[in-house]
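Every read-out reported here was derived from the displayed coordinates using simple, explicitly stated rules and does not represent laboratory data. These numbers come from a predicted model, not from an experiment. Cβ atoms come from the backbone with ideal geometry, glycine included; neighbour counts cover every protein chain shown.
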Amino acid sequence: MSRIKDLQKNLFGGTTSNARQFGMIFTLVAIILLFEVWTGGLTLTSGNLIAVVSQYSYILILSIGMLMVIVAGHIDLSVGSVAAFTGIVVAKAMQEFSLPWPVGILVGLAVGALIGAWQGFWVAYIGVPAFIVTLAGMLLFRGGNQYIGNADTVPVPEGFRSIGAGFLPEIGPNTGYNNLTLLLGVAACVAVVWRELRARQTRHEMQADVAPVWISGLRLVVMVGVIIFATLRFAGGRVGTSLPISGIILIALVLAYSYYTRNTIGGRHIYAVGGNARAAELSGVKLKRVNFMVMMNMSILAALAGMIFVARSSASGPQDGLSWELDAIAAVFIGGAAVSGGLGTISGSIVGGLVMALLNNGLQLKGVGSDMVQIIKGLVLLLAVAFDVYNKSQGRFSILGSLMRPFRRDDPGQPLDRSLSTSDTDKAPIAG
Amino acid sequence: MTVDSTLLEMRSITKTFPGVTALEDVNLVVRSGEIHAICGENGAGKSTLMKVLSGVHPHGTYTGQIVYQGDEVRFSNIRASEQAGIVIIHQELALVPGMSITENIFLGNEPRRRGSIDWKAAQRRALELMEQVGLREDPDTLIKDIGVGKQQLVEIAKAFAKEVKLLILDEPTAALNEADSQHLLDLLRGFRERGITSIIISHKLNEIAAVADTITILRDGRTIESLDVKADGVNEDRIVRGMVGRELHSRFPDHTPDPGEVFFEVRDWTVRHPISTERLVCKGSSFTVKRGEIVGFAGLMGAGRTELAMSLFGRSYGVYLGGRVFKDGKEIQLRTVAEAIEHGLAYVSEDRKAIGLNLLDDIKTSMVAAKLSKISTHGVIDQVEEHRVAEEYRKSLRVKTPSVDEGVTKLSGGNQQKVVLAKWMFTDPDLLILDEPTRGIDVGAKYEIYGIIQRLADQGKGVIVISSELPELIGLCDRIYTVFEGTITGDVARGDADPELLMKQMTSTKKIPTP
Ligand SMILES: Nc1ncnc2c1ncn2[C@@H]1O[C@H](COP(=O)(O)OP(=O)(O)OP(=O)(O)O)[C@@H](O)[C@H]1O
Ligand SMILES: [Mg+2]
């Protein structure tokens, strides 16, 4: 039976996975299957998958930034308004000054950076809680959007639309598929194999136990299988469609940010600040700078998400980005981040974001009204997090979670230790 | 029930955590009305045993039997054990800092009258309880405004607010100074007169030998022996032998100090309290450290030693008013922690849980946290190197853990301390400031840590040790400064240091000229 144990322990247990995420992947698969059956096979068609990516990439882009904000112990309620504000500024700027669209994008990112600096300043240097700063920002920038746009929609030029509605060009021989997407798929397969081999080698160098070869093999088969399936779907849509440009931007962001949070000093510092700000400070972490950067980064990503959204809908309007913050925050928490900060992963948030996106999409496919959509999303968020909290408070992991050993950034402490030590933290007597 | 009847019997308790067996077949017999001590090295399972007893680890998560007052009990949570009169005061205090003494005493146990809290009665009762534990304070004082010693007394008063028959104290005196510890031990003796049974866990073996009636010794999660203090004529050495399984001949490793030149000097360091504008916590302190020298700072709680150290370490405490720092003859600026680390300073805090560690981290992450640049290129952390470094420290400091990937909360108190120590040794400091480095650490590990300190000194580093235990300072340090209310009152060389002299200088404002 040890083979089964090995499997449970290792199959999903790369360095990025954790118990929580393992459960999430199951939830995701369950939701996909549920909707696949319920919609009579509509969910996994090429057309729908492509639509999901271009329609909901904003949730995923936002959840990357939101993960970092929440890990650092803050929250950002302003992302929807910031996105809308950036959208209108960019649309107006391109319309009024007939800026070329690449310049428009740069303007948008700059607007995001400025807003981020503004919010980061209040949070990091003045010490106003992010909840308040961004609540104010939510009003400020929503109002700003309506002020600049006269509460009206402003169209954007053709070139600009490519970042939201564009596809990879059709080149090369006629294979019946989009060749560039196929190429990307092949590259992804190679990367996955290479990564697995490298991970094995690293474990070996660390003299830690290396998973048996057959497990690595099985894991690769599963992952490569998923990639091939997705590639064929994305490449095999209507002629002229492919993996959307916004999807490619998204993948690049996910890769870059998960590398950053996992492997760099800057990433470590975010976790350190969220885990114990005082201890981080006494270890030489520049607290203010970390808080500032995290808030600023969020606004830049919100600006990007806003532009992609505007590009897709080909115009900026006053209702853009409404309640995006809720989708993003929900994605992060469903993805296993801790409300108190210090815990969570980008990949978890992405899984959480996919759950939210597919939920939105599936319910839309079934023609469920927005009233029910909201009710269902609310319940899913509540139940997903409650399930986790309940299991922790019982001092045991979920059945799913216990199938594998927790890895980094999973909560290493027992709830009791945590609560005792937090009360201890507050006390912090300075005696000499 | 006669005095000698058995109050509690824990039979064959086994408790495992994933990957570790914390307790294996442990037996404990506590007689009614005695003071029962539990001794053992860090990670021996003392706290775990008490958590099993008090329902923190509920029935069903361990195997074995607990017989209390003649009946088998199965506590499913702390509340259940409290109802049976068993109250535990944990290694980490659990008071609410922003609430008053009264509020804390009755937290979750508020006296009620017609549905609302009867604060008058609470006030009255609080005063009674405070009287019983010898705490003279205004009951409206906030917890955060009283010292650790008094906080400990509030915890005990809180226990008495419930009907307590068996009081469990997990390292109650670890953070206390000698006078406060003495007061607490006297209190326990008083309880014994009144028929209240206590279980005490402590690494201060002299206290144990003085106060306990029976001592149960744990080693590696097993019961080694149970000693009757009077009948067996138990002294400290006898306890140590039980704990470590062999004779420990000396408390301090042999060491020939070889201090070099003065390389670190502080002049007229003046720091104000962060809130109250009049209060100075450091009043023009000046001192020097030589290369290879171990310098002690002795003082009572609240003398300003931690404040001095933390304000030097990147102005992490209070408001800087004046003073200069020289290293190797050059003036240096220590405005931020990063700058201090850059200049080769390291500060190991006395409060590892609150400010020394990120409790969400695993061991290896904690160990490298203060100098990530050392294992990184262009900001990218080399995780193989991280693992290797952590393994190295795990071995050299003998941290008791199955793997450096474990979370730091899973370590026993003493082993967490070693992790903090590793974290700062990793920064390769020139001046290492250790604030109560052996608090809550067992004799064997203390010996090891003294050895580490001496090795660092032999490598030419300066070490500052802040400690409330005079014997530790006297045994370890080449020179000792005494501090009283923010003023450095003395500078005593190794040969002249004796407890009496130090005590005198620690309690007098008169500046004694440097010999
Ligand atoms: N929640 C937990 N999860 C995993 N292991 C644990 C947990 N709590 C304790 N342990 C392990 O159980 C063992 C006993 O720990 P315990 O805290 O009881 O030691 P202790 O005797 O109180 O030590 P100290 O004197 O350092 O406080 C240690 O090896 C520790 O790592
Ligand atoms: Mg303990």
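Points worth noting:
- The fraction of all Cα pairs in region B:6-244 landing in successive 10 Å bins from 0 to the largest distance is 8, 32, 35, 20, 5, 0, given as whole percents.
- Charge sum, other residues only, whose C-beta stays under 9 Å from B:Gln416's C-beta, Lys/Arg counted +1 and Asp/Glu -1: +3
- Sorting B:Arg114, A:Arg262, B:Arg194 by the number of Cβ atoms found within 10 Å of their own Cβ, with the fewest placed first, yields B:Arg114, B:Arg194, A:Arg262.
- Between region A:35-79 and region B:18-75, the alpha-carbon center distance in angstrom: 49 Å
- Evaluated with a Cβ-only charge set (Lys, Arg +1; Asp, Glu -1), the protein assembly as shown carries a dipole of roughly 1860 debye about its Cα centre, given to the nearest 20.
- Binned Cα-Cα distance frequencies in region B:402-442 - 10 Å width, integer %: 26, 51, 23, 0
- With a Förster radius of 25 Å applied to the beta-carbon distance between A:Ala199 and B:Thr377, the computed FRET efficiency rounds to 0.80.
- Kirkwood radius and radius of gyration were both taken over the C-alpha atoms of region A:23-66, and their ratio Rg/Rh is 1.04.
- Solvent-free Debye scattering, log10 I(q)/I(0), computed from the Cα coordinates of region B:359-428 at q = 0.14, 0.17, 0.21 Å⁻¹: -0.35, -0.52, -0.79
- Cα shape, region B:231-299, gyration tensor, a/c 1.5 rule: oblate
- Pair A:Ser98, B:Leu321: separation of 7 Å Cα→Cβ label points (nm): 6.9 nm
- Cβ-based net charge around B:Pro471, under 12 Å, with every Lys or Arg adding one and every Asp or Glu removing one: -2
- A straight line joining the Cα centroids of region B:206-283 and region A:186-255 runs 55 Å.
- Shielding value for B:488-499 is 0, the average number of Cβ atoms from other chains within 10 Å of each residue's Cβ.
- Nitroxide proxy distance, nm - points 7 Å out along Cα→Cβ at A:Ala110 and B:Lys504: 7.5 nm
- Relative contact order for region B:164-245, counting Cα pairs under 8 Å that sit 6 or more residues apart, in percent: 26 percent
- Separation in nanometres of the label points that stand 7 Å from Cα toward Cβ, at B:Val29 and A:Ala256: 7.1 nm
- Here the Debye sum runs over all C-alpha atoms of region A:176-243 as equal scatterers in vacuum, and log10 of I(q)/I(0) at q = 0.16, 0.20 Å⁻¹ comes out as -0.60, -0.77.
- Here the residues A:His204, B:His255, ranked from fewest to most Cβ neighbours within 10 Å of their Cβ, fall in the order A:His204, B:His255.
- Antiparallel DSSP beta bridges within region B:6-244, percent to nearest 5: 55 percent
- Length-normalised contact order for chain B - Cα pairs under 8 Å, 6+ apart - percent: 15 percent
- Region B:301-451: C-alpha gyration tensor shape, a/c 1.5 cut-off, then a/b vs b/c: oblate
- Kirkwood Rh and Cα Rg combined as Rg/Rh, the protein assembly as shown: 1.01
- Charge tally in the Cβ shell below 12 Å around B:Arg189, where Lys, Arg are +1 and Asp, Glu are -1, B:Arg189 excluded: -3
- When only Cα pairs below 8 angstrom with a gap of at least 6 residues are kept, region B:359-428 shows a relative contact order of 48 percent.
- Cross-link partners of B:Lys150 among lysines, defined as those whose alpha carbon lies under 27 angstrom from its own and excluding same-chain residues fewer than eight positions apart: A:Lys427, B:Lys46, B:Lys51, B:Lys120, B:Lys158, B:Lys162, B:Lys165, B:Lys204, B:Lys283, B:Lys353, B:Lys446, B:Lys504.
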